[in-house]
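Got a structure for you, written out below as structure tokens; questions coming shortly.
The values are calculated or read from the model by the stated rules, or taken from the named source; none is laboratory data. These figures come from a predicted structure and were not determined experimentally. Note that each Cβ is placed from the backbone with ideal geometry, even for glycine, and that neighbours are counted across all protein chains shown. Note: areas computed on protein heavy atoms with side chains; ligands, DNA, RNA excluded. Shrake-Rupley method; radii C 1.70, N 1.55, O 1.52, S 1.80 Å.
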Amino acid sequence: MNKKLTRQLLIETGLRLLDETGLDGLTVRRLATELGVQSPALYWHITTKQDLLDGMADVIVLAAGMGPPKPGESWQDWLIRRARAYRASLKSHRDGARLVAGATSLSQEAIDLFEEELDAMVAAGFTPGLALRTISALSHYTLGVVLREQTEGRGRWDGTPGPTLRAAVAGTGGALNEATFEHGLLALVNGTAQALANTS
């Protein structure tokens, strides 16, 4: 590859290799080989492998479209849209949830957008603490769901399920599907509405 090495190129190539090899197969040596350089050349643009992974995770987080609600959009609709977009962004890359879960830092851009989100929630009547807890809970819930969805062998039963469990699976299609994610999402948003009412 003859492209000039930049941090952005390393991150873009890293994400492409992530989709090909998975997180366990992504190494600095593999990245250097893909770019046609020796590994030390990469460290002019990244300080460590974790720095590279943090940059890749940041791309996934930002791709979900962080930022405050649209004009006229209720905070409930915004949080639901935000969680759905975050889930889609995590699922757009192989091991995307594992990558983001292991991130150790956020870019200034992500921090600034998060501040705008919190400001919007405070303007809607939230305390700063409740705003932080709400976004954190939704983000952790969504990340956990996708981690499970991207895990090998998900949904396997090691034992024999009883009649109630069999009936539940038959009636819902199992614990990992769109309806189950939406159920949990709505429960969190409705619970937040109650918590907000209790602070008034």
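Rounded to the nearest Å, what's the spacing between the alpha carbon centres of segment 168-188 and segment 76-121? Just the number, please.
After rounding, the separation between the Cα centres reads 22 Å.
Ignoring ligands, DNA and RNA, please state the percent of accessible area on the chain from carbon and sulfur, probe 1.4 Å.
Percent of accessible area from carbon and sulfur atoms in the chain: 56.
In what sequence, largest accessible area first, do GLU182, GLU116 appear using a 1.4 Å probe?
Reading off the accessible areas and sorting them downward yields GLU116, GLU182.
Okay, next question. Please compute the alpha carbon radius of gyration of segment 12-93, then divide it by the globular-protein estimate 2.2 N^0.38 Å. Two decimals is fine.
Output field value: 1.40.
Translational diffusion coefficient, Stokes-Einstein: compute it for segment 1-159 using the Kirkwood radius over C-alpha pairs as Rh, at 20 °C and 1.002 mPa s, and state it as an integer in µm² s⁻¹.
125 µm²/s
Less than 12 Å Cβ to Cβ from SER89, Lys/Arg counted +1 and Asp/Glu -1: what total charge do the surrounding residues give?
Around SER89, the surrounding residues sum to +3.
Roll a 1.4 Å probe over the protein chains and send me the accessible area per residue for the chain in Å².
Using a 1.4 Å probe on heavy atoms only, each residue of the chain averages 57 Å².
Let me ask something else. Could you bin all the Cα-Cα distances of segment 107-200 into 10 Å bins starting at 0 and give me the percent of pairs in each, rounded to whole numbers?
Result returned by the calculation: 13, 33, 28, 17, 9, 0.
Add -39500 (n - 2.57) for each DSSP H run of 4 or more in the chain, then divide by its residues: what number comes out at 222 nm, to the nearest 500 deg cm²/dmol?
Values: 10 runs with 135 residues, N = 200.
Result for the chain, helices only: -21500 deg cm²/dmol.
Based on the mean of other beta carbon atoms within 10 Å per residue, what is the order of 83-89, 138-144, 107-113, 159-165, most packed first?
In descending order of packing, they fall as 83-89, 138-144, 107-113, 159-165.
Summarise the long-distance tail of P(r) for segment 57-138 by giving the % of C-alpha pairs beyond 21 Å.
Details: 889 of 3321 pairs.
Summing the P(r) of segment 57-138 above 21 Å gives 27 percent of all pairs.
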